[in-house]
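Enquirer: Before I ask anything, here is the structure I am working with.
The values are calculated or read from the model by the stated rules, or taken from the named source; none is laboratory data. Given the structure is predicted, the values throughout are model-derived calculations rather than measurements. Here the Cβ is made from the backbone with ideal geometry for all residues, glycine too, and neighbour counts use every protein chain on show.
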4 protein chains.
Amino acid sequence: MNANSFGKALVLTSFGESHGLGIGGIIDGLPAGLDIDQEFVQSELNRRRPGQSAITSPRNEADTVEFLSGIFEGRSTGAPLAFLVRNNDQRPSDYDALKDVYRPSHADYVYQTKYGIRDHRGGGRSSARETVSRVVGGAIAKLLLKRHGIQVIGYVSAIGTISATVDKSRITHKYVEDSLVRCPVPDWSDKMLNLIEETRLAGDSLGGVVSCVVIGVPAGLGEPVFDKLHADLGKAMLSINAVKGFEYGSGFQAAKMTGSAHNDIFRIEEGKVHTRTNHSGGIQGGISNGEDIYFNVAFKPVATLMKTQDSINTAGHNVIIQPQGRHDVCVVPRAVPIVEAMAALTIADHLLRSKINL
Amino acid sequence: MNANSFGKALVLTSFGESHGLGIGGIIDGLPAGLDIDQEFVQSELNRRRPGQSAITSPRNEADTVEFLSGIFEGRSTGAPLAFLVRNNDQRPSDYDALKDVYRPSHADYVYQTKYGIRDHRGGGRSSARETVSRVVGGAIAKLLLKRHGIQVIGYVSAIGTISATVDKSRITHKYVEDSLVRCPVPDWSDKMLNLIEETRLAGDSLGGVVSCVVIGVPAGLGEPVFDKLHADLGKAMLSINAVKGFEYGSGFQAAKMTGSAHNDIFRIEEGKVHTRTNHSGGIQGGISNGEDIYFNVAFKPVATLMKTQDSINTAGHNVIIQPQGRHDVCVVPRAVPIVEAMAALTIADHLLRSKINL
Amino acid sequence: MNANSFGKALVLTSFGESHGLGIGGIIDGLPAGLDIDQEFVQSELNRRRPGQSAITSPRNEADTVEFLSGIFEGRSTGAPLAFLVRNNDQRPSDYDALKDVYRPSHADYVYQTKYGIRDHRGGGRSSARETVSRVVGGAIAKLLLKRHGIQVIGYVSAIGTISATVDKSRITHKYVEDSLVRCPVPDWSDKMLNLIEETRLAGDSLGGVVSCVVIGVPAGLGEPVFDKLHADLGKAMLSINAVKGFEYGSGFQAAKMTGSAHNDIFRIEEGKVHTRTNHSGGIQGGISNGEDIYFNVAFKPVATLMKTQDSINTAGHNVIIQPQGRHDVCVVPRAVPIVEAMAALTIADHLLRSKINL
Amino acid sequence: MNANSFGKALVLTSFGESHGLGIGGIIDGLPAGLDIDQEFVQSELNRRRPGQSAITSPRNEADTVEFLSGIFEGRSTGAPLAFLVRNNDQRPSDYDALKDVYRPSHADYVYQTKYGIRDHRGGGRSSARETVSRVVGGAIAKLLLKRHGIQVIGYVSAIGTISATVDKSRITHKYVEDSLVRCPVPDWSDKMLNLIEETRLAGDSLGGVVSCVVIGVPAGLGEPVFDKLHADLGKAMLSINAVKGFEYGSGFQAAKMTGSAHNDIFRIEEGKVHTRTNHSGGIQGGISNGEDIYFNVAFKPVATLMKTQDSINTAGHNVIIQPQGRHDVCVVPRAVPIVEAMAALTIADHLLRSKINL
């Protein structure tokens, strides 16, 4: 079944493994005539890339995107866009020791159980390297959204126990990218960096929260029942490796509020409908209302540690896993472009879907 | 597009409005030969029904399910099961005053913007009455799951600011149903009831959290990338009216933990693979690992208040909305069977999908 | 899986059995604001109805369509349209004798093999009564097409060995409906009627060909590769009970022509692009080119005979089937509205899909 | 939308253009553990390749398939299989003269109208070179079918006005491949070759008919209503470039037969259910009955001629098209592996779908 496809009007189908030939995908449903700014796509990939800064995995991947189809004289033709990002820095032998081991809180055991066969090299299909495909798809989606004045900005709002206070209305891509941890407030950013460094020394790992704001979405995107805009956003985010939770607008906090405090009262401003507050997070009844869309995505700590861990092997015997390989202490900063990508794909999908109703 | 369908192998397609003829749906993909226990389906509907207890809306709906197709001599035939639950207690005139008004934090404004036409009677398609279809679909899914030894138990874990402490391993349907608010711990249940009563007197409303445990899911359900089991569960839950957030396993708390504290260490118990802890919530890499699946769903407070509220009308003028109609102070207890239904549909969908791999 | 759904942008999901409660469906994806002319829908159903003329089955079904949702003040709302046509003239006991018998060239044997359970009453889900749902869906699609100036006209071009010569450019609905066999040329119509009468006396049955012209389709509908407009039309037609073949434009005859005779040479007429001939049948490379679309659909003879037939029973023993029940000698005239309905659904689906590209 | 995907359980998504970087695709839903015999896949591609014999286009493509993902130690892993076949012998400048011309009975005009942009080089996405992707997908499907004892054999049954008489029960792959035109009966094969040679000298082109037999399909594949096995086969075939018609079993001939002549009488043979005749073509009520499946596919003559032709250009002026480029007089022999591939994909899709019902 199409388990490797995302979207209904704009469809990304993904392929590839951590230590196979590469990662790629096909984007179907993209309208013709869109300028495909390949430099922009590459710049988005660079934001996701390992080895981009002192705090990320030293795996050294150029991650160069190659478009295989669907572009003619720089523009989309209506035909599917296929792309490939080759794996260069493969070191499958790094993983030989893990061939017969089920690493804790990885997908090793469930893959073996589900498929009866497992590409153990770097997690194979379960590796977060798969998200390369999402970032390319999301970059194309962003090009479409840009034409409609829609902007997606993600940032790190928490790492481990450090939660930043961030004024959503002032965030820019520049503020985010100026921070090594992609937290737009320098003081908080520094605290997060310190925590990451401490944790590295302890051989341990960290999770965190990526927040995201989508600006400029017109009212009317999303569908009333199952394909609510936030339901599709939620699925998009939860499908990213290591994500454990999703909330939009007031989120889990809403559960503690009374209706009179929570309701967003309408008002007319410069002849247009707005709300005084935005607990709705820009979405009411599953459909965008023209206010900013915002949401939070919780990531668990990285499962690979630089410590020994108890585990079992495929024969069911107890084993001790020795630390090895190349890993981030905290992937949350690198998850920002992935969260943005999935948001862009979701919004672009609904933007195209909304045209059918016209 | 199929915005009113849920699932890929087991597909529920839903229809109906709050004050139309009724609510119904079609279930496609159900294997043949399943005993359709119509009394059980009705009992599930009764759990969702308004007017079932002192704390729910006085709308008086018998909510009797009528199956229209797909059953022969009490068993499924492989043909689609269609069903209809007629609306009886319709009072569309109750809503005349709201015809030209956009109620705060309702879907009135977005529907008008999206469609240019709006069935204002009780919210039309945006009404939570739509969930009748989910509960019937979920009941059929539960019958399928039961044959595979899988059980879905939802309960209320928080209402407003009151969060119950619940031992997941001891919950039973009976404990849940014995509580008017569907919180299985009597002390916490009483506190919640008190809060609901206080809030009713104040003309205000409440949100809360529904938690859910799925027991007996075999390892191997779910797909690696976009259709991760928890991503589909998340979409299922977020598609329910008033839901603002979803988390599974350790959820948002995971973001604050270190990897060494969070990792679920494997162990062999009676010859089978288990984990010492279950922060994974029964799902690793998007695929069930055989442990209990558990998750939380946050509901915002009911948007309809028994207080006056500022708003605007369709002409863009300020208006004051007077309280009227029949409404729950807190829908969270009635949301329990809906959460269970969507969980059952999702698990059943993946159960059937997993057969393709055999 | 969604085996009972047709279409991607405009989706008809169908349910019901010959001798169950009724036949119905859900239409999803219909744009809001369309006037739903229920009298027109009923008139289409009447064209399909048994008992409508001397040459059709005496089963007496009122076939009254009841809309269950999706319409407000006479117009579509963007919510799914559900409908139900109740079975009235059920005589399941007519079929008791066939309970354990596999009728030749019916679906009895394959249903039993596939599902292990079978609703034998009138063929259950395999009955052509299922097409009631298609006709209602098609009528709604025709209302949408009409707004875009598109008209679908089907007619009988052959019954048994009698093939009519018909000038496609002169066919009107009136000419078609004036003929009991729905052949628009009176002389041919009379010959067909005589053949049907002869065949009835012999206790035998007939097949035939339904042809169809779609006028006013703009250039640009259809997709380049798998979802070619004629591929979707072909699937639509082949999915109708008793259909054995589909051809469009020059069809099977094209295989015998040379390229120089077959190519449709472009010309400019009144400033617009046209072709001198239309062997393409209005579709080139899978995409409509603005010329009339036309195609032929072959129907096999009715499998139920008013003669004894050899067969086997479910125990594998030889049996002789006695003639019984109520059956058409030739269903081809009644198939005309069904062919039109499936054509209308297909064209409307692609009309909506084409909006995504804008 | 997913216009470039085929299948529901086994999904081929295709990409690529005639003169772009290459042609490829992603196969999703393939069960894990299947031996991927890459030599077999390559041999299937070789059967489709231009330049393979004296009667095919001299375009010289190695057409080497490269698998990009989804295979580990020679077997499928359950992850998507991506593949790429690079275009080598691209001569886009061959097509410069056609840049502003609409070739008769090609897709030039409709692409321009639909998309407003057109990759004119060799037809871009509309080129039959796209079928490379189908052949690779079909080869993988054949590997799956082989494991279930199912074999797909296509052959040429007519070229132009020459229709061969072929005994379906005696066809083998060897007989087919021994013929340059893939007609398994040497006498007919010779006549076809002569006709092709005559037509080449005249600068004209030919169509024809590919027939196909599928042996070993178990009873029970296919779905009752819209996804009838022959409806999906029909769509599969009609989606191939240049196809104008599809018929299965008795096909268009059925329309001329009486029911008593057409009905397939059941009989028991060696304890198994069979039919005396097979007008049903192995499919009853849309579901396979265990007999051989057979069908015919009509191809129009090649639209590119080695003669001058009248046409118009994009400015709407009359032009004369001069013969150029490299083209087959008749593509029907090369269409045989494509027809087989689409049949294999369709049967494999339904084979996997049937598992859900178990």
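Enquirer: I need the full set of residues from the stretch B:277-294 which are within 18 Å of A:P301 (Cα to Cα), part of a strand (DSSP E or B) and within 21 Å of the chain's Cα centre (by Cα), in order please.
Expert: Answer for the stretch B:277-294, where residues must be within 18 Å of A:P301 (Cα to Cα), part of a strand (DSSP E or B) and within 21 Å of the chain's Cα centre (by Cα): just B:I283.
Enquirer: Which of the residues that make up the stretch D:311-325 are assigned to a strand (DSSP E or B) and either free of Cβ contacts under 8 Å to residues at least 12 places away in the same chain or among the β-branched types (V, I, T) (or both)?
Expert: D:I312, D:N318, D:V319, D:I320, D:I321 - these are the residues of the stretch D:311-325 that are assigned to a strand (DSSP E or B) and either free of Cβ contacts under 8 Å to residues at least 12 places away in the same chain or among the β-branched types (V, I, T) (or both).
Enquirer: Right, here's the next one. Read through the list (1) modelled with pLDDT under 95; (2) surrounded by 24 or more Cβ atoms within 10 Å (Cβ to Cβ), then give the number of the only condition that B:R170 fails.
Expert: Every condition holds for B:R170 apart from (2).
Enquirer: Filtering the stretch C:111-123 down to residues that are of a type in the set (G, A, S) and closer than 15 Å to D:I287 by Cα, which residue is surrounded by the most Cβ atoms within 10 Å (Cβ to Cβ)?
Expert: C:G123
Enquirer: Another question about this same structure. Can you confirm whether the stretch A:230-252 contains a residue that is at the interface with another protein chain (Cβ under 7 Å from one of its Cβ atoms), farther than 25 Å from A:A335 by Cα and aromatic (F, W, Y)?
Expert: The answer is no, given that none of the residues of the stretch A:230-252 is at the interface with another protein chain (Cβ under 7 Å from one of its Cβ atoms), farther than 25 Å from A:A335 by Cα and aromatic (F, W, Y).
Enquirer: Out of the residues in the stretch C:157-172 that are in contact with a strand residue (DSSP E or B) (Cβ under 6 Å, 6 or more places away or on another chain) and not in a loop (DSSP other than H, G, I, E, B), which is nearest to C:G33 (Cα to Cα)?
Expert: Here the answer is C:K168.
Enquirer: Sticking with this one: Of everything in the stretch D:213-227, what is crowded, with 24+ Cβ neighbours inside 10 Å and not small (G, A, S)? Give them in sequence order.
Expert: Result: D:V214, D:V217, D:L221, D:E223, D:P224, D:V225, D:F226.
Enquirer: Given the criterion without any contact (Cβ under 8 Å) to a residue 12 or more places away in the chain and not basic (K, R), identify the matching residue among D:A9, D:A79.
Expert: Testing whether each residue is without any contact (Cβ under 8 Å) to a residue 12 or more places away in the chain and not basic (K, R) leaves just D:A79.
Enquirer: Also, I was wondering about something else. Hand me the list of strands (runs of 3 or more DSSP E) wholly inside the stretch B:1-72 holding 1 or more residues that are farther than 27 Å from C:Y111 by Cβ and of a type outside the set (V, I, T).
Expert: B:11-16, B:22-28
Enquirer: Exactly one of these conditions fails for A:A261: (1) more than 7 Å from chain B (Cβ to nearest Cβ); (2) within 30 Å of A:K191 (Cα to Cα); (3) surrounded by fewer than 20 Cβ atoms within 10 Å (Cβ to Cβ). Give me its number.
Expert: With respect to (1) more than 7 Å from chain B (Cβ to nearest Cβ); (2) within 30 Å of A:K191 (Cα to Cα); (3) surrounded by fewer than 20 Cβ atoms within 10 Å (Cβ to Cβ), A:A261 is out only on (2).
Enquirer: Tally up the residues in the stretch B:289-337 that are charged (D, E, K, R) and more than 10 Å from chain A (Cβ to nearest Cβ), please.
Expert: Going residue by residue through the stretch B:289-337, those that are charged (D, E, K, R) are B:291-292, B:300, B:307, B:310, B:326, B:328, B:334.
Pick out the ones that are also more than 10 Å from chain A (Cβ to nearest Cβ) and you get B:291-292, B:326, B:328, B:334.
Qualifying residue count, the stretch B:289-337: 5.
Enquirer: Based on this model, can you work out whether A:P224 counts as touching a helix residue (DSSP H, G or I) at 6+ places or on another chain (Cβ under 8 Å) and facing chain B (nearest Cβ under 9 Å)?
Expert: Details: touching a helix residue (DSSP H, G or I) at 6+ places or on another chain (Cβ under 8 Å): yes; facing chain B (nearest Cβ under 9 Å): yes.
Judged against the criteria, A:P224 is a match.
Enquirer: Would you tally the residues in the stretch D:305-334 being in contact with a Gly (Cβ under 7 Å, 6 or more places away or on another chain) and either crowded, with 22+ Cβ neighbours inside 10 Å or of a type in the set (F, W, Y) (or both)? Explain how you work it out, then say what you get.
Expert: In the first step, residues of the stretch D:305-334 are kept if they are in contact with a Gly (Cβ under 7 Å, 6 or more places away or on another chain); the result is D:305-307, D:323, D:330, D:332.
Filter once more, keeping what is either crowded, with 22+ Cβ neighbours inside 10 Å or of a type in the set (F, W, Y) (or both): D:305, D:330, D:332.
Matching residues across the stretch D:305-334 total 3.
Enquirer: Taking the stretch C:82-133, which residues are without any contact (Cβ under 8 Å) to a residue 40 or more places away in the chain, of a type in the set (S, T, Y) and within 9 Å of another protein chain (Cβ to nearest Cβ)?
Expert: C:Y109, C:Y111, C:T113, C:Y115, listed by residue number.
Enquirer: Determine if the stretch B:94-101 includes at least one residue that is modelled with pLDDT under 95 and in a strand (DSSP E or B). Please lay out each step first, then the result.
Expert: Residues of the stretch B:94-101 modelled with pLDDT under 95: B:94-101.
When the remaining residues are screened for being in a strand (DSSP E or B), the result is B:101.
Within the stretch B:94-101, one or more residues are modelled with pLDDT under 95 and in a strand (DSSP E or B).
Enquirer: Sticking with this one: Answer yes or no: is there a residue in the stretch A:107-130 that is more than 23 Å from D:L30 (Cα to Cα) and either at pLDDT 95 or above or assigned to a loop (DSSP other than H, G, I, E, B) (or both).
Expert: Checked against the condition, which is being more than 23 Å from D:L30 (Cα to Cα) and either at pLDDT 95 or above or assigned to a loop (DSSP other than H, G, I, E, B) (or both), the stretch A:107-130 yields no hits at all.
Enquirer: If C:I312 satisfies all but one of (1) more than 24 Å from the chain's Cα centre (by Cα); (2) under 30 Å from C:F226 (Cβ atoms), what's the number of the condition it fails?
Expert: Looking at each condition in turn, C:I312 falls short on (2).
Enquirer: Residue under question is D:G251, and the condition is that it be surrounded by fewer than 24 Cβ atoms within 10 Å (Cβ to Cβ), on the phi > 0 side of the Ramachandran plot and in contact with a Gly (Cβ under 6 Å, 6 or more places away or on another chain); does it hold?
Expert: Considered against the rule, which asks whether it is surrounded by fewer than 24 Cβ atoms within 10 Å (Cβ to Cβ), on the phi > 0 side of the Ramachandran plot and in contact with a Gly (Cβ under 6 Å, 6 or more places away or on another chain), D:G251 comes out as yes.
Enquirer: Let me ask another. Name the single residue, out of those in the stretch B:264-276 being assigned to a strand (DSSP E or B) and buried (at least 21 other Cβ atoms within 10 Å of the Cβ), that is farthest from the other protein chains (Cβ to nearest Cβ).
Expert: B:T275
Enquirer: Looking only at the stretch B:302-323, decide whether some residue is in contact with a His (Cβ under 8 Å, 6 or more places away or on another chain) and not aliphatic (A, V, I, L, M).
Expert: The answer is yes; a qualifying residue exists.
Enquirer: Among the numbered conditions (1) away from chain D (no Cβ under 14 Å); (2) touching a residue at least 60 places away in the same chain (Cβ under 8 Å), tell me where C:G33 comes up short.
Expert: (2)
Enquirer: Suppose the filter is in a strand (DSSP E or B) and more than 10 Å from every other protein chain (Cβ to nearest Cβ); does B:V136 pass it? Steps first, answer last, please.
Expert: Numbers: in a strand (DSSP E or B): no; more than 10 Å from every other protein chain (Cβ to nearest Cβ): yes.
So B:V136 does not fit the description; no.
Enquirer: Moving on to the next point. Picking from B:K307, B:K272, which residue would you name as being under 30 Å from A:T258 (Cβ atoms) and charged (D, E, K, R)?
Expert: The unique qualifying residue is B:K307.
Enquirer: OK, next. May I ask you to list the residues in the stretch D:277-288 that are facing chain C (nearest Cβ under 9 Å) and among the small types (G, A, S)?
Expert: D:S280, D:G281, D:G285, D:G286, D:S288
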